[in-house]
Amino acid sequence: MNTLSKTTVPFAVLISLSTICHAATIVRIGIQEFEDGDILTKAEFSASQGIEPRKINTPLGNDLSNQSLSNQRASGWWYLDFDGNYRSASIRMGLWEHDSSAPGHQISFFYINDHDYSDQLNRQLDAHGGGQLEYNIYSVDLPDLTLEELSTGRVHLRLGFGGARANSGNFGGFDFFELHLVEIPETSTLSIATASIASITMRRRYRLKQKYQGR
């Protein structure tokens, strides 16, 4: 076996490069106040109402039928603003009393800018949580967001609960939203990291060569 071919880059250096390539920024609307699976009364969920941004920790809609759908179903829209250069994004959110354990999909619409992620979020809700007065946390990747969109420093979020029937409502609420943004590393930073790894690798190869030549 050629021992020189087994030269490896130190693990700590790889971790450092990984950190550089995957530095992230988190932009928030609201603050996570509960844990996944918590059962919360209306009073518990809305304790921060008025302190948080609009429609956050605010019970919305109702579970009755034969009323205006605009008032029946919990929904809202927000803008998330940020600075920097980013290459990808995902979103994490806390939803309360969304009834996903009931028949049918409970998300009527979920858009980031003009990209429709309703199906992705519905699949997560169908698979987890959604009991009576239950609070759950979900995460959705946003692969359709382009570099051009991420360079604007703003995304538009729209989310609305659905109902089991066309004329049924859905009472519930939103606790927080977190937009996780992965940065585009600066060219100079990547160059320095790459040069450091190359230098370390060359030194290790040289030491191994000297070691085996001395035998």
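The values are calculated or read from the model by the stated rules, or taken from the named source; none is laboratory data. Here the structure is a predicted model, which means the values were calculated and not measured. Note that we place each Cβ from the backbone using ideal geometry, even for glycine, and neighbour counts take in every protein chain shown. Accessible surface is based on the protein model in full, side chains and every heavy atom, while ligands, DNA and RNA are left aside. Shrake-Rupley method; radii C 1.70, N 1.55, O 1.52, S 1.80 Å.
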- Message: For the range 131-159, give me each residue that is open to solvent by less than 10 Å² (accessible area, probe 1.4 Å) and within 19 Å of G76 (Cβ to Cβ).
- Response: Y135, N136, Y138, V140, L142, V155, L157, L159
- Filter the range 52-84 down to residues that are in contact with a Leu (Cβ under 9 Å, 6 or more places away or on another chain) and modelled with pLDDT of 90 or more and give me whichever is nearest to S108 (Cα to Cα). S75
- Query: So which residues in the range 136-165 are in a strand (DSSP E or B) and in contact with a Gly (Cβ under 9 Å, 6 or more places away or on another chain)?
  - Reply: N136, I137, Y138, L157, R158, L159, G160, F161
- Among the residues of the range 69-111, how many are of a type in the set (S, T, Y), over 22 Å from S48 (Cα atoms) and open to solvent by less than 60 Å² (accessible area, probe 1.4 Å)? 4
- Task: For the range 1-51, enumerate the residues that are among the β-branched types (V, I, T) and modelled with pLDDT of 80 or more.
- Result: T25, I26, V27, I29, I31, I39, T41, I51
- Residue pairs within 7 Å by beta carbon, gap of at least six or interchain, first lying in the range 125-147 and more than 21 Å from I112 (Cβ to Cβ), second hydroxyl-bearing (S, T, Y), listed first then second, are G129/S100; G130/S100; G130/S101; G131/S101; L133/T41
